[in-house]
């Protein structure tokens, strides 16, 4: 019988079928952070259970870590509760012999940036993490999704998870992304079209010429944010683009082992006659730079579009009240106070290059405070080698150390009440970046242009200044 890629991944990792809807799923790699794992370790300790397979775990301190530009070896978490979280996490990982990217590790960064660049993510894997944006790994043809604390404990103890199988959904995107339009704009466009619950209960596979043309970094952005449409997983069949990325990030595989693996990975695709529960098609030619106007990622419009008219009976009234905008007005020209470029969605070297191409030779507006937070130590080092850091610093940006930073208000990088931020992150929920903060999601290039202009502006009208 013809199978979808998702079905193949689930079937190859099923230890036993539990009932008509659930299987016991084997886990190849489990990633943890300091925020969602403490209770899970506590549960193990109470029951006297060890971590079954420490070599298939990975830990990263990323949510609560400060990103001030201190030397790596001098990074200190000053928020007392956060420092306790990180110290407890370090003890748990060290005592269980789990690989850890700790506070003062030069490789430290955001888990969904560090894991791929370390060669730990490969096609065909099942990868879990106590973070919803674990869907990122679908860019490699791996099944990744977020889990809760009790599930983390189960994985640590058994290397398996009781899993409810999802329905299958496929979105085909052909055409070519126009100049000035990125994978971030593409995924925001898709979410705006299908809604925040448009993929609920489904594992969503992307296919089509526009998807095939994306870099691995762009595919990670796409899969990362697909969870904002309610998807339980996002997948793209691995191809030569992915295999070349893995040749550059082989992890512990030597050249011969990697090429042998590539032969097997070529079989990871949906069969021609595979049946999907739902299918949609879009054209990349129709995509413009997108900006959110409200408090949900699907509340977004093209930068040259209009904020929807206020409807007192709809959710947009509450969103407009919170965000401080009027309906039936242009999103372009809205003044911003802060700019944040970074996160697991857009903190990779490709993202920084696109932002630097806008700010090169320019300076941020006098009314704006802006920061760039690389997704990892490796990204930061590469950006400095390429001269990107100098471009940002000369333009007036703060050049920070890696971490989740202003993506969420769990560290020192927090918006003040009422501040409006052009952000490359994945969520614009109420209070996400700080109490009463106002977030507008957009691409790195769009955020860079907003920093220079002082307001939301159409990056397609800007000259890219690549060397």
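At full extension, residue 313 and residue 79 could sit 80.1 nm farther apart than now, given 0.36 nm per residue minus the alpha carbon distance. Shape class of region 104-179 from the Cα gyration tensor (axes a ≥ b ≥ c, square roots of the eigenvalues): oblate, since a/c reaches 1.5 or more and a/b does not exceed b/c. For region 165-243, the gyration tensor built on C-alpha atoms gives an oblate shape. Its axis ratio a/c (a ≥ b ≥ c) is at least 1.5, and a/b is not larger than b/c.
The stretch between residue 279 and residue 45 holds 79.7 nm of extra length on full extension. This uses 0.36 nm per residue minus the Cα-Cα distance.
Among 416, 5, the ranking by other beta carbons within 10 Å of each residue's beta carbon, starting with the fewest, stands as 416, 5.
Highest mean first, the peptides 194-200, 154-160, 341-347, 131-137 sorted by other C-beta atoms within 10 Å per residue fall in the order 341-347, 131-137, 154-160, 194-200. Region 411-442 to region 86-136: how many Å between their Cα centroids? About 25 Å separates the Cα centre of region 411-442 from the one of region 86-136. For region 349-374 versus region 1-29, the inter-centroid distance based on Cα atoms is 44 Å. Note on residue 176 and residue 11: their simple-model spin labels are 3.8 nm apart, each label 7 Å out from Cα toward Cβ. Highest mean first, the peptides 325-332, 121-128, 169-176 sorted by other C-beta atoms within 10 Å per residue fall in the order 121-128, 169-176, 325-332. Report for the chain the percent antiparallel among DSSP-assigned beta bridges with both residues inside it, nearest 5. Close to 25 percent.
Identify the residues of region 181-213 with backbone N under 14 Å of a label point that sits 7 angstrom from the Cα of residue 304 along the Cα-to-Cβ direction, or state none. Answer for region 181-213: 181. The candidate values were [x] 34, 31, 24; [y] 38, 29, 22; [z] 33, 27, 22; the one computed from these coordinates for semi-axes √(5λ) of the Cα gyration tensor in Å carries the label [z]. Per residue, the average separation of C-alpha pairs within less than 8 Å and at least 6 apart gives the chain a relative contact order of 17 percent.
Beta bridges assigned by DSSP with both partners in region 5-163 are antiparallel in approximately 35 percent of cases.
Counted over region 290-461, the DSSP beta bridges are approximately 30% antiparallel. With neighbour counts taken as other beta-carbon atoms within 10 Å, the residues 273, 413 rank, fewest first, as 273, 413. If you average the sequence gap of Cα pairs under 8 Å that are 6 or more apart and divide by the length of region 5-163, what percent do you get for the contact order? Rounded, it is 31 percent for region 5-163. Taking square-rooted eigenvalues a ≥ b ≥ c of the alpha carbon gyration tensor, is region 319-467 rounded, prolate or oblate, where a/c under 1.5 means rounded and, failing that, a/b exceeding b/c means prolate? It is oblate, given that a/c is not under 1.5 and a/b is not larger than b/c. Legend: calculated FRET efficiency, residue 394 to residue 430, from the Cβ-Cβ distance at R0 = 41 Å, rounded to 0.05, equals 0.70.
Per-residue ellipticity at 222 nm from helix content only, as computed over the chain with -39500 (n - 2.57) for each DSSP H run of at least four residues, stands at -9000 deg cm²/dmol. Exposure proxy ranking for 265, 293, based on other Cβ atoms within 10 angstrom of each Cβ and starting from the fewest, stands as 265, 293. Straightening the chain between residue 259 and residue 209 buys 15.5 nm, computed as 0.36 nm per residue apart minus the Cα-Cα spacing.
Computing FRET efficiency as 1/(1 + (r/R0)^6) for residue 367 and residue 162, where r is the C-beta to C-beta distance and R0 is 45 Å, gives about 0.30.
Taken together, the values in this text are just the output of simple stated rules run on the coordinates, not laboratory data. Note that the structure is a prediction, hence the values are computed from the model and not measured. Cβ coordinates were reconstructed from backbone atoms using ideal geometry, including for glycine residues, and neighbour counts include every protein chain displayed.
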